[in-house]
Structures are given as structure tokens and as C-alpha cells.
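Here the structure comes first, spelled out in C-alpha cells, and everything after it is commentary.
Any read-out appearing in this document is the output of simple, stated calculations on the displayed coordinates, not a laboratory observation. The shown structure was predicted, so the numbers you read here are calculated from the model rather than taken from an experiment.
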Amino acid sequence: MSNVKAKRWVSDHVGIALIDAGLRRRIGRARVGHFATSDGREAALVPVCFVLLGDTVYHAIDAKPKSAAPDKLRRVRNVRANPSAALLVDHYDEDWGRLWYVLLRGHAGVLDHGAEQQRAIAALKRKYVQYRTTLPLARDALVIALAVRRISHWRPSSSGRRPADRRVPPA
């Protein structure tokens, strides 16, 4: 069962979306993000294929060769021990006027069954053709859900301004 479903979104508190339409488009077009976790002693970072649904980011433990069984992977162990996590989505270009990043921080949970897990798998299959063809994503794949609670972002057009930082007010 997801421990991220019970979280309250900023829209529950102030009537606005946590992730605005422009950031949502940029995040949605990105093909890879970098998922950060910690066990409380050491940070870990792994590239992931992800999808944004509402204010939650999902990625699955797919069938690519791994160093351990899915439930023994460091990111899964870390999320279970310390649900504070982040996803960095960025774009690099030799034209530095086109650089940008979005850092999504929040509360993560591991989904191993249920409607939310199945919605995430279906959305990942829609976004990534590889999950439908060359490396099919199993219906029972573990999914990590990151309920976004804070966003920082930057792009050159925001130069001279502080990075936007949106937080969910305490409940």
C-alpha cells in the first residue's frame, strides 16, 4: 500500500497546482531523471525513466540487469528506511541559453500492487515504447512513487531571480 496517497497537495491548501503547466510540459518531455535517496548515512543516485501523474512522479524497477533482486536494490531499501527523496530532471545543451533543471523533492514509497501501481505502469508504457516492446514492463513490477512536496527550478530566462521554490504548507 502506498504511503504517498495520504499526503496533501499544495492545491488542497491554496487552490493552485504545485507543478505549473510550463514545468509540467518540460518534465513530461524529459526522457530521464536522476533519483536521489539516502539511508541516513550515504546518498545514492540512479538514472530512471519516469512519468509525472498529478503531483506524483513514478518510476518502475524494470527488467534490465541489476546488481540485486528488485526489493534488495539500494534505492528500494533506502526509500523504505528513509522516504525523503528527490528527482532531478535537467537538460544540457551546448547553447547554455537552453539549459534548465527542475528538482522535485518529496516523500517516496514503494508500490508492489494495487490500482496506483497499475496506473503508473500503464503510464510508463505509454511514455516509453521500450516498455511495450524490447523490454516489457511486468504488471507486478515494483514502482517507486515520489509525492512532490517541494520544487526548485532554474533556466536562463530566470537569470537575476532566485530559483523558484514552492513548498506545501504544513498540514
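Against the 2.2 N^0.38 Å scaling, with N counting residues, where does region 10-167 land? I'd like the Cα-based Rg ratio to two decimal places. Intermediate results must be reported in sequence, preceding the final value.
Working: Rg = 15.9 Å, N = 158, 2.2 N^0.38 = 15.1 Å.
Its radius of gyration relative to the 2.2 N^0.38 Å reference: 1.06.
Using θ = phi - 60° and the Karplus relation 6.51 cos²θ - 1.76 cosθ + 1.60, list the HN-Hα couplings for region 21-29 in order, rounded to whole Hz, with x at every Gly or Pro.
Working through the residues one at a time gives 4, x, 5, 4, 5, 4, 4, x, 7 Hz.
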